[in-house]
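Reviewing the structure listed below.
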There are 2 protein chains.
Amino acid sequence: MEQQNVYDGYAYMNNVPWALIRSFLAVVEAGSLSAAARELEVSQPTLSRNIQLLESQTRLNLFKRTSQGLMLTEEGKVLVESAQQMKSASETFVRQVSGLSTELKGEIRISANEIVGIYLLPAAIAAFRKRHPAVQIEIVISNRASNLNKREADIALRMFRPTQPDLVARRLTDMPLGFYAHQSYLDEYGTPESFDDFKLHTLIGFDQNRDFIDGAGAMGYAFSNDDFELRTDNLILQIQLARQGCGIVGTHVALANECPELKRVLEWAPIPALEFWVVCHADSQYNARIRAFKAHVIDWFADDPYRGLGLRNTLH
Amino acid sequence: MEQQNVYDGYAYMNNVPWALIRSFLAVVEAGSLSAAARELEVSQPTLSRNIQLLESQTRLNLFKRTSQGLMLTEEGKVLVESAQQMKSASETFVRQVSGLSTELKGEIRISANEIVGIYLLPAAIAAFRKRHPAVQIEIVISNRASNLNKREADIALRMFRPTQPDLVARRLTDMPLGFYAHQSYLDEYGTPESFDDFKLHTLIGFDQNRDFIDGAGAMGYAFSNDDFELRTDNLILQIQLARQGCGIVGTHVALANECPELKRVLEWAPIPALEFWVVCHADSQYNARIRAFKAHVIDWFADDPYRGLGLRNTLH
DNA sequence: CTATGGTTATCCATATAAGGATATGGAACA
DNA sequence: TGTTCCATATCCTTATATGGATAACCATAG
């Protein structure tokens, strides 16, 4: 300490290891190295060296050593407040970690259409339950918008942005769509070359659901229910009909790719991808289970909406 | 990651090493382990392990690994803010360290009376100048209160609390006083047994300065200038007179102890110790030199106002 | 006055963490 | 397609920090 010379080496540390600041504050608050060592669950020699290191790196006499502990110097006092702010922030960090990693239990209801519910959700749910085995999950398969306001579900996976203001939605990666038909169908009825040709073909479409008609309308193509000769709101059934050569279906590219017998038609057509949203009620944001599952879904489907869709999940 | 099991070991860390949080934030801000490693000046494997450690200790998947870096998960996002607060506080800490350890230069004027200036200040100044060699120090010896308002001095060491409101004062450890006389004087004139006996003795006192008279008056003893047959405002001269057997002097116990020929009288008397104050103008608080010297003085004289008063500093 | 219980600093064997080299994988691009 | 570049994770050696034991110091109590 006496040989401390302001000239030997000069760069004042601007990269003080945070552990040293933590040690500093612990000693300040505990009043002695020994007490601080017990507090931090390290040994007293470690703290002694940490303080020496901090003092040499800062070139400050932070403490006055006595036989009863370490007393802050005037210079040391200046640094206490910022160190306390660090500690306070670190406690917030740890508190939030605990909140995030708490073992959740209880039940959540998830609403999704057939495609998502049957082909995409299972893998996501399996991963979620590894982290939170005590959370029971009920899946409501529905291609109608389950009414989150009436708590028919806690979380919904939807293909459109919800309009109700008290719902919180987050868009996931869009799902590309395409038109497909069985090779045998094309052999028999020809391959459409434009949307106008659709009028001459058997289209597989929705019954009540008007999403396709409205979407096509927005793109300038007028379709009506009558243009669809095979109608069902069950998305999987639509695909199965196409696989049997009944007609042309618009469906997920990723799903159709799992069925080699389906051939894509109008591949050049600019069909907008299907949006993919996860939605929950605004109040649910404060429910740990729901928040955790929503976060999980966002991460899970972050860059591949078809994650987990593999050989084991084909349509066979 | 897949074998992560919520049951094997369960205690969630509440003692997360701060270095891990620092690594976490660095990766968040840099976007990749490699970039963060460059930022923190550590190696990439170190950061990789730090993040793995943090994830295992928190049991959270904080990042999603891609070939372009690490992407925060939803859970990780929650923790960013508190980590940033830690960083911000640490930057404040470092900034204040720099402020404190900056090489100061310039000049400061210190005012002190003879005793303090000649016997106590030199050691304190020597220590200060080891840390700040570029600070020039002018010492104004004066037992009158130097007028800090008129900037006759930047810092004053005084024996009383200043009354001006725009001065900032800090009390140091009091200095015990006692009455002393040379043995030869006591042999010739006898030893006083009470303050009343002082009327029969030769007292060495102040000329202009009324501190002693006022202080004694406050204790119920009425003295006037006429009671002092030897008067000087120079404190050292007072002692030297006593050492020559001229009379009785009231002075610092610590100083008189350095003169073996001086014998204490009225040792039982409850003489209040002399206060010891360091004072500067309120505006000077923002002057780094002055603030640093004041802090140094406070630490230096923290528990021993006579620190540095040794054999080399005796009155001989 | 000595004994005790507290403190800090130092020594040294050891456990821990760091970094260099490397394998690997994906993205961008010619 | 193949090359290049930039990522991460792992291996293994080396460097670093840790903790137990200890000595010295001081305050306090018996």
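Just so you know, all these numbers are worked out from the coordinates, no wet-lab data involved. Worth saying up front: this structure is predicted, and the values here are computed from it rather than measured. Quick reminder, even Gly has a Cβ in these numbers, built from the backbone with ideal geometry, and neighbours come from all protein chains shown.
Think of the axis that spins chain A onto B; the A residue whose C-beta lies nearest it, and the distance in whole Å, is A:TRP18, 2. Add +1 for every Lys or Arg and -1 for every Asp or Glu among the other residues with Cβ under 10 Å from the Cβ of B:PRO133, and state the total. Overall, the nearby charge balance is +3.
Ranked from shortest, the separations from the 7 Å Cα-to-Cβ label point of A:LYS77 to its equivalents in the other copies are 4.5 nm.
Rounding to the nearest 20 debye, state how big the charge dipole of chain A is about its Cα centre with +1 on each Lys and Arg Cβ and -1 on each Asp and Glu Cβ.
1360 debye
The value obtained for region A:177-265, namely the Cα convex hull volume divided by the number of residues, is 82 Å³ per residue. Shortest first, B:GLY220 label-point distances to identical copies amount to 11.1 nm, with the label point at 7 Å from Cα along Cα→Cβ. Over all distinct alpha-carbon pairs, what is the Kirkwood Rh of region A:106-170 in angstrom? By the Kirkwood definition, the hydrodynamic radius is 12.4 Å. By the count of neighbouring beta-carbon atoms within 10 Å, fewest first, A:ARG109, B:ARG210 end up ordered B:ARG210, A:ARG109.
So in the protein assembly as shown, what percent of DSSP beta bridges are antiparallel if you round to the nearest 5?
Values: 44 of 73 bridges.
Taking every DSSP beta bridge with both residues in the protein assembly as shown, the antiparallel ones total about 60 percent.
In this structure the amide hydrogen of B:SER142, modeled in the peptide plane, comes within under 5 Å of the amide hydrogens of B:ALA112, B:ASN113, B:GLU114, none closer than 5 places in sequence on its chain.
Entry note, chain B: relative contact order of 19 percent, from Cα contacts under 8 Å with a spacing of 6+ residues.
What pairs from B:LYS87/B:LYS294; B:LYS150/B:LYS294; A:LYS150/B:LYS64 go past 24 Å between their alpha carbons? The answer is B:LYS87/B:LYS294; A:LYS150/B:LYS64. Taking a Cβ cut-off of under 12 Å around B:ARG210, the surrounding Lys, Arg, Asp and Glu residues balance to a net charge of -2, with basic ones at +1 and acidic ones at -1. Normalised by 2.2 N^0.38 Å, where N counts its residues, the alpha-carbon radius of gyration of region A:13-168 equals 1.77.
Derived scalar couplings between HN and Hα for region B:204-210 equal 9, x, 8, 9, 7, 5, 10 Hz in order, rounded to whole Hz, by the Karplus curve 6.51 cos²θ - 1.76 cosθ + 1.60 (θ = phi - 60°), x for Gly and Pro.
For region B:177-265, what's the relative contact order in percent, using C-alpha pairs closer than 8 Å and at least 6 residues apart? RCO, region B:177-265: 51 percent.
For a straight C-alpha distance cut-off of 18 angstrom, the aspartates and glutamates reachable from B:LYS199 (same-chain residues fewer than eight places away being disregarded) are B:ASP187, B:GLU188, B:ASP207, B:ASP214, B:ASP226, B:ASP227, B:GLU229, B:GLU267. Ascending distances from the A:SER43 label point to its copies in the other chains, with the point 7 Å along the Cα-to-beta-carbon line: 2.5 nm.
Report the net charge of residues surrounding B:GLN164, where surrounding means a beta-carbon distance below 12 angstrom and charges are Lys +1, Arg +1, Asp -1, Glu -1.
+2
Each DSSP beta bridge with both residues in region B:177-265 is either parallel or antiparallel, and the antiparallel ones are about 60%.
Return an integer: the convex hull volume of the alpha-carbon atoms of region B:18-96, in Å³ per residue.
80 Å³
Residues whose amide H lies under 5 Å from that of A:LEU72, counting only those 5 or more places away or on a different chain, are A:LYS64; hydrogens are built 1.01 Å from N in the peptide plane.
Would you calculate, for chain A, the mean residue ellipticity at 222 nm contributed by helices, counting each DSSP H stretch of 4 or more residues as -39,500 (n - 2.57) and dividing by all residues, to the nearest 500? Mean residue ellipticity, 222 nm, calculated: -11500 deg cm²/dmol.
A simple spin-label model places pseudo-atoms 7 Å from Cα toward Cβ; at B:GLN208 and A:GLN244 they are separated by 11.9 nm. For the pair B:VAL168 and A:SER224, how long in nm is the line joining their label points, each one 7 Å along Cα→Cβ? Once both label points are built, they end up 8.6 nm from each other. By the Kirkwood approach, averaging reciprocal distances over each pair of separate Cα atoms, the protein assembly as shown gets a hydrodynamic radius of 32.2 Å.
By the count of neighbouring beta-carbon atoms within 10 Å, fewest first, A:TYR189, A:TYR306 end up ordered A:TYR189, A:TYR306. Taking the Cβ of each residue in B:PHE93, B:PHE276, B:PHE24 as the centre, tally the other Cβ atoms inside 10 Å and list the residues starting with the fewest. Final ranking by Cβ density, sparse to dense: B:PHE276, B:PHE93, B:PHE24. Sequence-distant contacts, meaning Cα pairs under 8 Å at least 6 residues apart, place the relative contact order of region B:18-96 at 28 percent.
In this structure the amide hydrogen of B:LEU274, modeled in the peptide plane, comes within under 5 Å of the amide hydrogens of B:MET175, B:LEU177, none closer than 5 places in sequence on its chain. Using all pairs of distinct alpha-carbon atoms, the Kirkwood hydrodynamic radius of chain B works out to 24.7 angstrom.
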